[in-house]
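The values are calculated or read from the model by the stated rules, or taken from the named source; none is laboratory data. These figures come from a predicted structure and were not determined experimentally. Quick reminder, even Gly has a Cβ in these numbers, built from the backbone with ideal geometry, and neighbours come from all protein chains shown.
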Amino acid sequence: MYDVCIADDEILIQQSIMVRLRSSGVPVRVLGCAGNAESAIVLYWSAKPDVFFVDINMPGADGLSLVRRIREEDPGCSTKFIIITGYDDFAHMREAIQSGVMDYLKKPISTEEFNAVLASAVKQIRQEHRKNFPEKDGSALYDEYITGGRRILSGGTLLAAYAPSADILNEHEKKGKNLHVFLKGSREEEKGNRLSLSFQNVGNIRLYYCPDCVMLRKDLYPVLHPLTVRAGMSFVYAYPRAEALELLTERLEQSLNSRFLHPALIECSGKAAGFSTDTGMLDYTIENGQQDSCRVAIGILLDQISAGAETIGEVSSFYRHIILLLINKYVTHNISMPGPLKLELSPFALCRYPNLETLKAFLSGTASSLARIIGAEGRNRELIPGVIEYLKQNYRNNITLNDLSGHFYVTPSYLCRRFREKTGLTLVEYLEEMRLEKAEEYLTSSDTKITDISEQVGYMDPNYFSKIFKRKYHLSPRDYRMAHLQ
């Protein structure tokens, strides 16, 4: 089974691609569609598809920029990007190739061309798997194994082994006992079918698959229970029945959450848990920069789903849901995303956390940090309009940079930089423009003495006032008034 995503702002194009996929004869599943570049980024990190159809013209960044951004943020990206375009010239083809696009389809899309491009993508995926996956000893990285063909497991026994640290797991593996007893049940002629899968981003978890031997709990318990007692390890076993490894992995991880309550030997649950906890409060607190409230919201949510054995399996769904919420906030606010956050969507990412308190600390810290950034972003948006309004109300007074920055609780250098970015002028230039415009208004609409006007617009020295007024209007204040009275 190959995973596919689609990014196109035209619903009809999305539907057309899905129809063509269904009739192509290639085993695929569409994991999601996006209507703009920002949504497509979120979709990529949540799905990591094998094939991604991307329209070259979308709201926000164009399709080629989207592909370049994904490849920059995820150097290990193996997704096959297929650009959908209305153009047909060499310049666009060359740019597409340089952006890391596998191929492109020109609108209107012909069925023959679509099937040929899809078949080429599948062929490349299979070739990369054969190249990267060392089948000779049955050991591989989980991602590489999955990329190579979405293996269906039938019969035998599948075991997930968790240890509090990678060192503990590696130590027991090196001894050649305990864990490997599980694999020794295979017949000699079936050794090549046994699997040991590790995870690049989570070192304290292993998956073992013994295809020809069903080991019951009574067989596993004497071997594995001592490790749950001495080393704090946990194990989940399952008996696959023509099931995809990815779905089995999800169920194993769900069942393994029982370790948050106590180390154990657990039989895999029959189905994946659902997630229905309301995250509206957390969303609101992050969006409004409420750091302390973020911690409270995370605590309430985690307490709801970790209350006991019946709900502990929900932790995985909860965790991924929160990580996706955080990623979406980084994307929509155009904030640079911490690299490690993207890894939190990996299988068994929860195994990095020895207990619920460390998990809560991570999520609370990440959410509150993001709230702080978004809150500062909001304050920055309001800062300069606030400063301008303050100047309008106080331009008659002697305003110093230190007084102004103190009033808005920012440093003088930060205020100056932000003000110039927003207005194109320095604070001194802006205040001078404001004062002189007011002076011009008084000169042309009243008979107030020029010395009084000088004071009314904030200049205590009439000579200095005349000098800067003439520099702007090329006439002295007196001559300017006379010229406009005629």
Check: Hey, among the residues in region 269-289 that are surrounded by 19 or more Cβ atoms within 10 Å (Cβ to Cβ) and at pLDDT 80 or above, which one's nearest to residue 366 (Cα to Cα)?
Finding: 286
Item checked: Failed condition for residue 165, given (1) among the polar types (S, T, N, Q); (2) at pLDDT 85 or above; (3) touching a helix residue (DSSP H, G or I) at 6+ places or on another chain (Cβ under 9 Å); (4) under 16 Å from residue 351 (Cβ atoms) -> (3)
Note to self: Looking at the structure I just gave you, is residue 54 assigned to a helix (DSSP H, G or I) and at pLDDT 85 or above?
What the structure shows: no
Margin query: Taking the condition of being closer than 29 Å to residue 378 by Cβ, among the basic types (Lys, Arg) and not in a helix (DSSP H, G or I), how many residues in region 391-446 meet it?
Written below: 0
Check: Just to be sure, is residue 376 of a type in the set (A, V, I, L, M, F, W, C) and in contact with a helix residue (DSSP H, G or I) (Cβ under 9 Å, 6 or more places away or on another chain)?
Finding: no
Check: Given the conditions (1) free of Cβ contacts under 8 Å to residues at least 60 places away in the same chain; (2) among the charged types (D, E, K, R); (3) not in a strand (DSSP E or B), and given that residue 20 satisfies all but one, which numbered condition is not satisfied?
Finding: (1)
Margin query: Cβ contacts < 7 Å: first residue assigned to a loop (DSSP other than H, G, I, E, B), restricted to region 24-49; second residue at pLDDT below 85 and buried (at least 17 other Cβ atoms within 10 Å of the Cβ), any location; separation 6+ or different chain. Result?
Written below: 26/2; 27/2; 36/58
Margin query: With in contact with a strand residue (DSSP E or B) (Cβ under 6 Å, 6 or more places away or on another chain) and not assigned by TED's automatic domain parsing to the domain that holds residue 365 as the only criterion, which of 247, 224, 261, 216 stands out?
Written below: 224
Note to self: I'd like the full set of residues that are of a type in the set (Gly, Ala, Ser) and assigned to a strand (DSSP E or B), limited to region 225-256.
What the structure shows: 234, 238, 244
Check: Hey, residue 219 hits all of (1) part of a helix (DSSP H, G or I); (2) more than 24 Å from residue 354 (Cα to Cα); (3) in contact with a Lys or Arg (Cβ under 9 Å, 6 or more places away or on another chain) but one; which does it fall short on?
Finding: (3)
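Yes or no, residue by residue, for (1) outside any helix (DSSP H, G or I); (2) in the same structural domain as residue 201 (by TED's automatic domain parsing); (3) modelled with pLDDT of 80 or more:
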{"site": "302", "(1), (2), (3)": "no, no, yes"}
{"site": "316", "(1), (2), (3)": "no, no, yes"}
{"site": "322", "(1), (2), (3)": "no, no, yes"}
{"site": "326", "(1), (2), (3)": "no, no, yes"}
{"site": "336", "(1), (2), (3)": "yes, no, no"}
{"site": "340", "(1), (2), (3)": "no, no, no"}
Next item on the list: From the list 254, 304, pick out the single residue that is surrounded by 19 or more Cβ atoms within 10 Å (Cβ to Cβ) and either touching a helix residue (DSSP H, G or I) at 6+ places or on another chain (Cβ under 9 Å) or under 17 Å from residue 162 (Cβ atoms) (or both).
Entry: 254
Note to self: Take residue 469 and tell me if it is part of a helix (DSSP H, G or I) and at pLDDT below 90.
What the structure shows: no
Note to self: Is it the case, given these coordinates, that residue 66 is among the aliphatic types (A, V, I, L, M) and in a helix (DSSP H, G or I)?
What the structure shows: yes
Next item on the list: Name the residue, out of 370, 431, 401, 425, that is under 30 Å from residue 296 (Cα atoms) and touching a helix residue (DSSP H, G or I) at 6+ places or on another chain (Cβ under 8 Å).
Entry: 370
Margin query: Regarding region 216-234, can at least one residue be identified that is surrounded by 20 or more Cβ atoms within 10 Å (Cβ to Cβ) and modelled with pLDDT of 90 or more?
Written below: yes
Item checked: So residue 252, is it under 27 Å from residue 326 (Cβ atoms) and aliphatic (A, V, I, L, M) -> yes
Next item on the list: Please verify whether region 360-379 includes one or more residues that are assigned to a loop (DSSP other than H, G, I, E, B), of a type in the set (Ser, Thr, Tyr) and touching a residue at least 40 places away in the same chain (Cβ under 8 Å).
Entry: no
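Every residue, every condition in (1) hydroxyl-bearing (Ser, Thr, Tyr); (2) closer than 24 Å to residue 249 by Cβ, yes or no:
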| position | (1), (2) |
| --- | --- |
| 314 | no, yes |
| 321 | no, yes |
| 325 | no, yes |
| 332 | yes, no |
| 338 | no, no |
| 345 | no, yes |
| 350 | no, yes |
| 363 | no, yes |
